[in-house]
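S.K.: Dropping the structure in here first, questions after.
The values are calculated or read from the model by the stated rules, or taken from the named source; none is laboratory data. Computed from a predicted model, the values in this text were never measured in an experiment. Backbone-built Cβ (ideal geometry, glycine too); neighbour counts: all protein chains shown.
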Amino acid sequence: MRGSRQASPRALAMGGGVVLVVIVAIVLAVVLGSGGSKSSTPGNLPATGSCKWVGALDGACDANNLFKGIPQSGLVLGRASAPVEMMMFIDVQCPICQRYEVDSLPEIVNKYIKTGKVQLHMQPWAFIGGAGSQSFSGRLGLIAATFQNKGFEYAKVLYDNQGQESSGWLTRDEMNSIAASVNGLNIAQWSKDVDGSSAKTIASTVDQLATQKHVSGTPTVLVGPSNGQLHDIMPPGYAPTLQITEQALDKALKNG
């Protein structure tokens with residue numbers, strides 16, 4: 001009776017060697033691929049942001065155009081020679097901030113900042129939900145955009161497309177879409193900066209400033225002479241309006 005057919009030891013060794021080579025190749029590909037993911041463009045996003053990208057969010061082109069031609073340096077918008085400073089504490093999840101950003105800020109930008117009268121200092125404070133909320137993680141995307149002097153465009157696109165407060169809308173995918181809707185933003189660099197220590201350091205500095213300025217809610221707007229004493233334009237518990245903001249800016253300009 002003929003026994004069952006078996007592979008020779010040599011054949012088994014050769015076959016095992018081929019399998020081992022394939023496994024090693026696969027492992028190397030996974031390791032190398034994951035190692036480079038932080039510096040590559042995430043998902044199917046464009047390498048450079050554009051309001052005309054196929055997946056650009058609503059109002060992106062208008063948001064980008066609002067700040068065109070205005071000097072921007074990190075969290076600061078406007079000319080260094082502006083005689084009046086406006087400081088604005090915002091939370092990326094705050095619906096009242098959204099109304100102020102959408103309804104009031106464009107008028108302020110066009111009337112005061114673009115004309116060189118006022119310099120705006122944006123302070124992305126995490127106020128809603130406590131540590132670990134999307135206010136904390138979401139603001140890092142805004143801060144990362146400021147490293148390329150695109151933070152104000154990012155904030156405007158974000159607020160134009162803001163979801164319901166504390167609903168979980170500000171995911172990393174949503175942050176990616178916001179970034180990809182900002183003209184000229186290097187997406188791979190932005191993605192790396194979101195996870196970097198520098199963004200977290202700035203976030204901590206903003207928290208400290210909010211404590212120093214006795215900020216208790218968002219939006220909070222402070223106005224005063226550049227490099228001088230700034231004052232909250234509203235009593236505690238009240239949100240700023242366009243009319244009151246303009247009155248405060250006009251008064252500061254007149255006194256200056």
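S.K.: Could you check, for the stretch 187-201, whether at least one of its residues is farther than 17 Å from K150 by Cα, of a type in the set (D, E), surrounded by 14 or more Cβ atoms within 10 Å (Cβ to Cβ) and at pLDDT 95 or above?
M.R.: No, the stretch 187-201 contains no residue that is farther than 17 Å from K150 by Cα, of a type in the set (D, E), surrounded by 14 or more Cβ atoms within 10 Å (Cβ to Cβ) and at pLDDT 95 or above.
S.K.: Condition first: among the aromatic types (F, W, Y) and surrounded by fewer than 20 Cβ atoms within 10 Å (Cβ to Cβ). Can you find one or more residues in the stretch 161-173 that meet it?
M.R.: Looking for residues that are among the aromatic types (F, W, Y) and surrounded by fewer than 20 Cβ atoms within 10 Å (Cβ to Cβ), one finds at least one in the stretch 161-173, hence yes.
S.K.: Give the number of residues within the stretch 68-90 that are over 25 Å from K251 (Cβ atoms) and either hydroxyl-bearing (S, T, Y) or assigned to a loop (DSSP other than H, G, I, E, B) (or both).
M.R.: The number of residues fulfilling the criteria is 4.
Here's the yes/no breakdown for (1) outside any loop (DSSP other than H, G, I, E, B); (2) under 24 Å from Q243 (Cα atoms); (3) at pLDDT below 95; (4) of a type outside the set (S, T, Y):
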| site | (1), (2), (3), (4) |
| --- | --- |
| E107 | yes, yes, no, yes |
| F127 | no, no, yes, yes |
| S135 | yes, no, no, no |
| G141 | yes, no, no, yes |
| F152 | yes, yes, no, yes |
| A155 | yes, yes, no, yes |
| G163 | no, no, no, yes |
| N176 | yes, no, no, yes |
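S.K.: Just give me the residues in the stretch 224-245 being outside any strand (DSSP E or B) and under 18 Å from H121 (Cβ atoms), in sequence order. Full working, then the answer.
M.R.: At the first step, the residues of the stretch 224-245 found to be outside any strand (DSSP E or B) are 226-230, 233-245.
S226, N227, G228, Q229, L230, I233, M234, P240, T245 - these are the residues of the stretch 224-245 that are outside any strand (DSSP E or B) and under 18 Å from H121 (Cβ atoms).
S.K.: Just the residues that are in contact with a helix residue (DSSP H, G or I) (Cβ under 8 Å, 6 or more places away or on another chain), buried (at least 20 other Cβ atoms within 10 Å of the Cβ) and over 13 Å from I90 (Cβ atoms), please, taken from the stretch 118-135.
M.R.: Hits for the stretch 118-135 are V118, Q119.
S.K.: Let me ask something additional. What do you reckon, is G59 modelled with pLDDT under 95, under 21 Å from R139 (Cα atoms) and in contact with a helix residue (DSSP H, G or I) (Cβ under 8 Å, 6 or more places away or on another chain)?
M.R.: Numbers: modelled with pLDDT under 95: no; under 21 Å from R139 (Cα atoms): yes; in contact with a helix residue (DSSP H, G or I) (Cβ under 8 Å, 6 or more places away or on another chain): yes.
No.
S.K.: Only residues that are of a type outside the set (A, V, I, L, M, F, W, C) and within 22 Å of D207 (Cβ to Cβ): list them for the stretch 83-118, please.
M.R.: Within the stretch 83-118, E85, D91, Q93, P95, Q98, Y100, E101 qualify.
S.K.: Report yes if some residue within the stretch 123-135 is touching a Pro at 6+ places or on another chain (Cβ under 7 Å) and assigned by TED's automatic domain parsing to the domain that holds T245; otherwise report no.
M.R.: no
S.K.: Give me the pairs, please: first residue somewhere in the stretch 99-119 and touching a residue at least 24 places away in the same chain (Cβ under 8 Å), second residue anywhere and assigned to a helix (DSSP H, G or I) and of a type in the set (K, R), beta-carbon distance under 7 Å, and either six or more positions apart or on two chains.
M.R.: From residues that are touching a residue at least 24 places away in the same chain (Cβ under 8 Å), the pairs are E101/K156.
S.K.: In addition: Within 15 Å of the chain's Cα centre (by Cα), crowded, with 18+ Cβ neighbours inside 10 Å and either β-branched (V, I, T) or in a loop (DSSP other than H, G, I, E, B) (or both): which single residue out of V215, V182 fits that description?
M.R.: Exactly one of V215, V182 is within 15 Å of the chain's Cα centre (by Cα), crowded, with 18+ Cβ neighbours inside 10 Å and either β-branched (V, I, T) or in a loop (DSSP other than H, G, I, E, B) (or both), namely V182.
Residue-by-condition table, conditions (1) among the hydrophobic types (A, V, I, L, M, F, W, C); (2) free of Cβ contacts under 8 Å to residues at least 60 places away in the same chain:
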site: P124; (1), (2): no, no
site: Q134; (1), (2): no, yes
site: A144; (1), (2): yes, yes
site: G163; (1), (2): no, yes
site: G168; (1), (2): no, yes
site: S177; (1), (2): no, no
site: S181; (1), (2): no, no
site: I187; (1), (2): yes, no
